[in-house]
């Protein structure tokens, strides 16, 4: 039997190919500068929290410039599954101002020094889309790395707090 006709190998190849595509996508976004002076509707901001050895919340939340929130809870969160909510445009503008103040374009793409082990990571993405051009900044922030700017982590906390304030559908 040839390796090309084995369904298990085909599945592994597909999984590896998809993973490489995602890594390429994340890395391509991490090197491009995000214009910060545009209409809020041109942006989306995503925070993803990963697992740890303890009871860390594992979820993903995307904030769109029009105020729409998409949430998906996976583990150690009050609600699992997909939810939709909204925030005011003023809240979106406030978040974008905080991102600009942190100077996200000048931050490193990775804060992954492991001074402490078994901590979760945060994947933070700011995407700007205009006239068919997509620019983005992605940051991988291992929470055991104390070199990440405190202002960046305060952004995460601002977004985390929305979970309890939103009326999810």
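The values are calculated or read from the model by the stated rules, or taken from the named source; none is laboratory data. In this text, all values refer to a predicted model and were calculated from it rather than measured experimentally. As a convention, Cβ positions derive from the backbone with ideal geometry for all residues, glycine included, and neighbour counts pool all protein chains shown.
Going through region 110-145 one residue at a time, which ones are under 16 Å from residue 49 (Cβ atoms) and outside any loop (DSSP other than H, G, I, E, B)? Talk me through it step by step, then tell me what you get.
Just the residues of region 110-145 that are under 16 Å from residue 49 (Cβ atoms), to begin with: 111-112, 118-125, 138-145.
Scanning region 110-145 gives 111, 121, 122, 123, 124, 125, 138, 139, 140, 141, 142.
So is residue 67 out of contact with any strand residue (DSSP E or B) (no Cβ under 8 Å at 6 or more places or on another chain) and more than 17 Å from residue 137 (Cα to Cα) or not? I'd like the intermediate steps shown before the answer.
Working: out of contact with any strand residue (DSSP E or B) (no Cβ under 8 Å at 6 or more places or on another chain): no; more than 17 Å from residue 137 (Cα to Cα): yes.
So residue 67 fails the test.
Can you go through 129, 117 and tell me which one is farther than 16 Å from residue 160 by Cα, surrounded by 14 or more Cβ atoms within 10 Å (Cβ to Cβ) and at pLDDT below 95?
Testing whether each residue is farther than 16 Å from residue 160 by Cα, surrounded by 14 or more Cβ atoms within 10 Å (Cβ to Cβ) and at pLDDT below 95 leaves just 129.
Condition first: more than 15 Å from residue 160 (Cβ to Cβ), surrounded by 15 or more Cβ atoms within 10 Å (Cβ to Cβ) and more than 17 Å from the chain's Cα centre (by Cα). Now tell me which residues in region 70-92 satisfy that.
86
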